[in-house]
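Have a look at the structure below, then the notes.
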Amino acid sequence: MSMYEDFLKSAYVRRLPSGVENEPVNEKKKTKHKKPKEAFNQPPCDESPERMETLKNMLKESQIGRETLEFLKEKGSKLIFEKIDKVYGYFSPDKNIVALNPQFSDEDLAITFVHEVRHARQDSIMKNLDPEMKPDTMLKNGFMIEADACATECVLAHQMIEKGDFSIFEKHQKTPYAGMTTAFEKEFDKSKDWNKARDAAFMEWFNLRVKPGYAQQYVDFMGEIAKESIKQKEEDGCFIKDIDIKQMAKKLCINSKGECYIQNPKKLESPEKLNISEKQAAALVQGLRTFMSKLKRSPECMGMDNIYVKHADGTYTTVHEERKKINVNAALQSMTKGKGDNGR
Ligand SMILES: [Zn+2]
């Protein structure tokens, strides 16, 4: 439970206005010092029930907004204002609340609302975080739920455009997620097909510069599971479950009619989509090492040859291959060290 709460704190916090929380620390610092003026241009903070009503009425303009409000009602979840440091909002399945930060604009909050409630919906279908999932499945699932929640924002933006209101779209275009609304509109223009447009937005998520930040959260989380499960002697039940990607997409990536909008779910297992960085691969190998040797789990049964590693030159290997390299290097290092000592 505490592990889950910890993860929620880090992963389900909403992105910052600049989207920088998922970027390297030095980037973060740069942005922080850039525009001190912006702090003074914040809209006055209104937490009144009237504002909540205005926000709900704005959402009711779109079909996705109405559906989202309806879902929240059915689930008995509460929608509240909460000033959360530098975060748009969050969803907490334990407390059954969706919190929105009143310090941001109505457009920001409308976007956040559909995003966070989409997570609530996903969680009601399939646990958003399940330590039973094998590492490759967990990563696939993690990417899927985030890309899906972000693609839902694009549906909201488009439905508002159809009502003649461009404010959500324009706001979205100023975020690091802009590529997704662009991909949605481009595809919709071409095919006039909602599912294809939503799929295009979804697939674009994997090209965003914030994506590695999400991968990092899952790498960290898997390391936590490995460590905690050994401590609590619950390791047998961890990292054992496979879920077929088509089934996963069919359950999670659905439109309001219940149809899966993903055109080709198998794509999500490709190197271009299911990848982490070299550093993350090393951290994953390190994080799972004790667990794997204690439980005698092979890299294959941990799904390590299904997770790809993206290299700077554009090539891909697998985590399994990286693991071998790391092991060989470690062996070589201890050999030369041994030799040096003996030669003296
Ligand atoms: Zn999210």
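Okay, here's what the table says:
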item	result
Qualifying residue in region 127-138 (condition: under 28 Å from GLY223 (Cβ atoms), outside any loop (DSSP other than H, G, I, E, B) and within 15 Å of the ligand (Cβ to nearest atom))	no
Qualifying residue in region 287-302 (condition: within 24 Å of the chain's Cα centre (by Cα), hydrophobic (A, V, I, L, M, F, W, C) and assigned to a helix (DSSP H, G or I))	yes
Enumeration of residues in region 265-277 that are touching a Lys or Arg at 6+ places or on another chain (Cβ under 8 Å) and either among the aliphatic types (A, V, I, L, M) or exposed (fewer than 14 other Cβ atoms within 10 Å of the Cβ) (or both)	LYS266, LEU268, LEU274, ILE276
Region 69-92: number of residues that are touching a helix residue (DSSP H, G or I) at 6+ places or on another chain (Cβ under 7 Å), free of Cβ contacts under 8 Å to residues at least 60 places away in the same chain and not in a strand (DSSP E or B)	5
Pairs where the first residue, in region 139-154, is in contact (Cβ under 8 Å) with a residue 60 or more places away in the chain and in a helix (DSSP H, G or I) and the second is near the ligand (Cβ under 9 Å from one of its atoms) and among the basic types (Lys, Arg), C-beta under 6 Å, 6+ apart	THR152/ARG118
Residues located in region 162-186, provided they are β-branched (Val, Ile, Thr) and assigned to a helix (DSSP H, G or I)	ILE168, THR181, THR182
Lone unmet requirement of (1) of a type in the set (Gly, Ala, Ser); (2) within 28 Å of ASN57 (Cα to Cα); (3) within 16 Å of the ligand (Cβ to nearest atom) for ALA197	(3)
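The numbers here are math on the coordinates, done by the rules we state, and not lab data. Not measured: the values here are computed from a predicted model. A quick note on method: Cβ atoms are made from the backbone with ideal geometry, for glycine too, and the neighbour counts reach across all protein chains shown.
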